[in-house]
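In what follows, a single structure is set out as structure tokens and then discussed.
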Amino acid sequence: MTGESVAQRLREHPGYRVPFSVEFNPPRDAAGESRLWRTVREFECLHPAFVSMTYGAGGSTKDRTVRITGELATQTTLLPVAHLTAVGHSIAELRSLVGSYADSGIRNLLVLRGDPPGDPLGEWRRHPEGVEYADELVRIVRDLGDFQVGVASFPQGHHRSPDLAHDTRHLVAKLRAGAEYSITQMFFDVEHYLRLRDRVVALDPVEGVKPVIPELMPITSLRTVRRAEELCGRPLPAAIRARLERAAGTGPVEDAAAVRAEGIRIATEIAQRLIDEGAPCLHFITLNFAKATSEVLTNLGYSAHQTTTAVA
Ligand code: FAD
């Protein structure tokens, strides 16, 4: 199971017209870990193409992250992808981390530079014995053995890129270095995703055939809007914000149920458009909860029964 690659899973995934995948975060404590495992079991029934586990900036939860990602490989039917970030690590430490993942049966890595811990927009400082950019780490990982590598892409450009042409050039450099696919930063305007795909194809038609997996997250409350904006790196589009605020109502207490319903509707619309536009997979940020993502999947017609029948 873990010998498979994400790219292979996307090509051969049975059951759904467009596969989906989910992102988990390393839990902070035992209670969080129990909740994560309940969420994992709920998604397992729906047969995601893969599941990814983020990596805390600088490795603050390193041991727990490696252990749980390994358990996903050995104790579930899921294909785990470990995020690997360069920030705060020497090359020797990164090699050792990759070795720990390999020992746990993990062969799929999402290779990232990471942001400065504490302040993602703060000054980037390379570890004195580390790497400057993610493409270097892609090469290091590929040289270490039989690993399948993905990288990050940015529909509206990375916040440190001076323009979209620079951004696309360096994304293509990561693909040329050996990445097999990219997963995008979350977005709410599908046009940005479509233009990113077009830019990559225009710059390099060979690398342009590699999957660009869109990332999305259902908004479930006005509080999660801030989290969504952090993850997008930009404010929500005005039209989306207006829909959520209208649902919240003008009374002294926000209509939480209406906001949640509108958030699920928005995510469903975005996902449906992505399916219609030929996205290779839908990658959901879950914040370790299954319910909202499952509702979006149900709205789109995904069900455990559907894929079980198709797999059989
Ligand atoms: P890079 O590809 O190195 O790019 C960084 C910037 O440098 C870009 O502006 C790029 O255009 C530019 N650049 C690249 N190469 C060159 C060059 N040779 N010369 C000049 N400029 C160059 N962060 C975490 O800490 N943990 C996670 O688990 C995590 N998961 C993520 C998952 C996804 C899907 C995404 C989209 C992001 C994730 N991040 C995570 C955040 C990510 O680490 C940051 O966005 C980081 O700032 C960029 O990482 P990168 O790998 O794209 O960097």
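The values are calculated or read from the model by the stated rules, or taken from the named source; none is laboratory data. This is a predicted model, so every value here is computed, not measured. Neighbour counts are summed over all protein chains in view; Cβ atoms, including those assigned to glycine, are modelled from backbone coordinates with ideal geometry. Heavy atoms of the whole protein, side chains included, go into the accessibility calculation; ligands, DNA and RNA do not. Shrake-Rupley method; radii C 1.70, N 1.55, O 1.52, S 1.80 Å.
Annotations
- Residues whose amide H comes within less than 5 Å of that of Thr184, counting only those at least five positions distant or on another chain, are Ser153, Ile213, Glu215 (H built at 1.01 Å from N in the peptide plane).
- Heavy-atom SASA rank of Lys291, Lys174 (probe 1.4 Å, accessible area, largest first): Lys291, Lys174
- Once the Cα gyration tensor of region 140-262 is diagonalised, semi-axes √(5λ) in Å: 35, 15, 11
- Around the amide H of Gly150, modelled in the peptide plane, lie the amide H atoms of Leu109, Leu110, Val111, Glu180, all under 5 Å away and 5 or more residues distant in sequence or on another chain.
- FRET efficiency, Asp163 to Arg125 (Cβ-Cβ, R0 30 Å, nearest 0.05): 0.80
- Listed residues Thr286, Thr61, Thr184, most fluctuating in the chain (Gaussian network, C-alpha, under 10 Å): Thr61
- Applying a DSSP loop filter and a limit of 10 other Cβ atoms within 10 Å to the GluC sites (Glu not before Pro) in region 103-159 leaves Glu123.
- Its convex hull of Cα atoms gives the chain a direction-averaged projected area, equal to a quarter of the hull surface, of 15.9 nm².
- Distance between the 7 Å Cα→Cβ label points at Gln8 and Ala238: 5.0 nm.
- Overall, the accessible surface of region 6-300 at a probe of 1.4 angstrom is composed of carbon and sulfur to the extent of 51 percent.
- Candidates Arg28, Arg176, Arg139: whichever shows maximal mean-square fluctuation once the chain is modelled as a Gaussian network with Cα springs under 10 Å: Arg28
- Cα centroid of region 194-226 to Cα centroid of region 139-193, whole Å: 10
- Placing unit charges on the Cβ atoms of the charged side chains and taking the dipole of region 6-300 about its Cα centre, the candidate lying farthest along the positive direction among Gly249, Leu112, Leu78 is Gly249.
- Here's how it looks for Ala86: its modeled amide H is under 5 Å from those of Leu112, Arg113, Gly114, which are all 5 or more places away or on a different chain.
- Between Asp146 and Thr250, residue separation times 0.36 nm minus the direct Cα-Cα distance comes to 31.8 nm.
- Taking every C-alpha pair closer than 8 Å and separated by at least 6 residues, the mean separation divided by the residue count of the chain gives a relative contact order of 20 percent.
- The calculated FRET efficiency for the pair Ala30 and Arg226, based on their C-beta separation and a Förster distance of 35 Å, comes to about 0.80.
- Excluding ligands, DNA and RNA, the accessible surface per residue across region 92-140 is 52 Å² with a 1.4 Å probe.
- Fluctuation leader among Ala261, Ala239, Ala152 - the chain, Gaussian network, Cα springs under 10 angstrom: Ala239
- Note on the chain: helix-only mean residue ellipticity at 222 nm, from DSSP H runs of 4+ residues weighted -39500 (n - 2.57) and normalised by residue number, equals -14500 deg cm²/dmol.
- Here the chain is assigned +1 on the Cβ of each Lys and Arg and -1 on the Cβ of each Asp and Glu. Its dipole about the Cα centre then comes out at about 220 debye.
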